[in-house]
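The values are calculated or read from the model by the stated rules, or taken from the named source; none is laboratory data. As the structure is a prediction and not an experimental result, all values here were calculated from the model. Here the Cβ positions follow ideal geometry from the backbone for every residue, glycine too, while neighbour counts run over all protein chains shown. Please note that ligands, DNA and RNA were not included when accessible areas were found on the heavy atoms of the full protein model with its side chains. Shrake-Rupley method; radii C 1.70, N 1.55, O 1.52, S 1.80 Å.
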Amino acid sequence: MDLFQPEPADLRSLRENAPVHRDERTGMWLVSRYDDVRAVLADPRRFRPDNALTAVTPIPGPVLRVLARAGFSLPPTLANNGTDTHAALRRLVSRFLTPARVAALGPRIAELTADRLDRLDRLDRLHRPDGLDRLDRTDGVGGRVDLHPTLARGLPAIVLLEAMGIRDVDVEALKAWSTASLELFWGDVAVERQHELARSAAAFHQWLTSRIKAADPEGDDLFGALRAQGVPVRDAAGLCYFLLIAGQETTTQLLCAALHAVLREDGLWSRLSEPGVAAACVEEVLRRDPPVSTWRRITAEPVTLAGVDVPAGEPLLLMLAGSGSDPDVFAEPERFCPARPDARKHLAFGFGRHFCLGAGLARLEAEVVLRETARRFPALRLASAEPPPMLGLLSFRAPLSVQVELGDQHDLAGGRPALQQFVRAGGVGQR
Ligand code: HEM
């Protein structure tokens, strides 16, 4: 089995034959059944989160020096923090992500979605004066358009920055830094590539450090809040480094996974505007195709898990994707079934003390993007039945592209009137 590109059959085989299994290549213990994954997440004392952000491919000395010269470090802050400082840092960040603040972002997410759909629409119309030739001349791939760059890539970054009150950011630079960092820490990477990625991660960290140092402690943004609370700059930079990556790359991945999964199901696209359907689809994607496909813990003492003895200090790889497809918990787990009553039991956002702080925001973004896109382009369809190329990092797995044809039937009313309708109906305010 390739840990970086596991197939559902691999996960099934692990659950059935070796639910707690030491992988020789990586030295990690793979934990794949729902009950075991949940039990580990629920017990941060015996299963510590210290290794959550450790590079999967060890970083050799010369590359470490690139990082060290830039003052790069990832001290324990949130996801990798099993110490007493975790609670206060978590409280500080959660102030920016209260249910009320997240709900208030709904109209803005709809607006950003509408902007992107407008652009797609204009491009499409521009290139088919005779009503026949669709997008071909700009895309050059036979009328196809990829919803990854056009819809899913930048939107979550803009939403996250606005949620955190952070202004004046080059979103393209943030995306380049964050994709490089994901690959550096979770990829199966050769050393020359590590050098390149480390330079990017170092530049990101330096940028964060200078923004934090310059922040106004009286200000309303995350940088200012960290200063006001007296968080040391090194810790603040480490926290922001994780948050500005985890808070948007994962959501881009979720958007791609959700668009792809729904479009693959016969007749589901046209039902996304029905109450509750888009949200239920998002939950089903998180259960079956979670973008964060694995997460790590380390044993603090010798433990017995599913009858297997694991010594102290051993890294565990929790197969979140495997847990969401466990037939002991979810009936016919490989079927995409938005009506499933228990889908929200999935562990895609973790569980317990480190449960994802951005779960509500990610859910809302995916729901709004799905619904608005389906409303605007009701005849949109996948351009190919072939499986898409997948991002294959140890903990991140999602389609790298969502190639679609927009179809003939556009909603000619455009995005704005429906946006008003959406806001009036209180679709997001009621969450
Ligand atoms: C689809 C999108 C997302 C997925 C699948 C996801 C998944 C996860 C997972 C698996 C964890 C580890 C949980 C654990 O150790 O128990 C986590 C932690 C975290 N996530 Fe997310 N996440 C997503 C989006 C976001 C967003 C949008 C934000 C911020 C706005 C965010 C912020 C965080 C933070 C701060 C933590 C660490 C919490 C702590 O240690 O106390 N995530 N996330």
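For residue 22, nonlocal amide neighbours, meaning residues 5 or more places apart or on other chains whose placed amide H falls under 5 Å from its own, are 30.
Which value in deg cm²/dmol, rounded to the nearest 500, describes the helix-derived mean residue ellipticity at 222 nm for the chain, given -39,500 (n - 2.57) per DSSP H run of n ≥ 4 and division by the residue count? Helix contribution divided over all residues of the chain: -14000 deg cm²/dmol. Centre-to-centre, using Cα atoms only, segment 59-125 and segment 28-42 are separated by 26 Å. Taking a sphere under 10 Å around the Cβ of residue 324 and counting the other residues whose Cβ falls inside, with K and R at +1 and D and E at -1, yields a net charge of 0. Percent of Cα pairs in segment 1-83 per distance bin of 5 Å, from zero to the largest separation: 3, 12, 16, 19, 18, 15, 10, 6, 2, 0. The angle separating the long axis of helix 171-186 from the principal Cα axis of greatest extent in the chain is about 40 degrees. Among 167-173, 258-264, sorting by the average number of other beta carbon atoms lying within 10 angstrom of each residue, highest first, gives 258-264, 167-173.
Farthest towards the positive end of the charge dipole of the chain, among the residues 239, 204, 385, is the Cα of 239, using unit charges on the Cβ of Lys, Arg, Asp and Glu. Taking all protein chains together, 337, 256 sort by accessible area into 337, 256, largest first [probe 1.4 Å]. In segment 352-403, Cα pairs under 8 Å separated by at least six residues give a relative contact order of 22 percent.
Positive-end ranking of 407, 145, 109 along the dipole of the chain, with charges on Cβ about the Cα centre, is headed by 109. If only the Cβ of Lys and Arg carry +1 and only the Cβ of Asp and Glu carry -1, the dipole of the chain around its Cα centre is close to 1020 debye.
The order of 345, 213 by accessible area, most exposed first and with a 1.4 Å probe, is 213, 345. Each peptide in 202-208, 3-9 gets a packing score, the mean of other Cβ atoms within 10 Å over its residues, and the list from highest to lowest is 202-208, 3-9. Of the residues 274, 265, ranked by 1.4 Å probe accessible area with the largest first, the sequence reads 274, 265. Each of 360, 260, 320 was scored by the projection of its Cα onto the charge dipole of the chain, and the greatest displacement toward the positive side belongs to 360; charges sit on the C-beta of Lys, Arg, Asp and Glu.
For segment 365-380 versus segment 313-358, the spacing of their alpha-carbon centroids is 25 Å. Here the convex hull built on the C-alpha positions of the chain has a volume of 143 cubic angstrom per residue. Charge dipole of segment 342-381 (Cα centre as origin; +1 on each Lys and Arg Cβ, -1 on each Asp and Glu Cβ, all else neutral): 80 debye, rounded to the nearest 20. Here the contact order of the chain, divided by its residue count and restricted to Cα pairs under 8 Å and six or more residues apart, works out to 26 percent.
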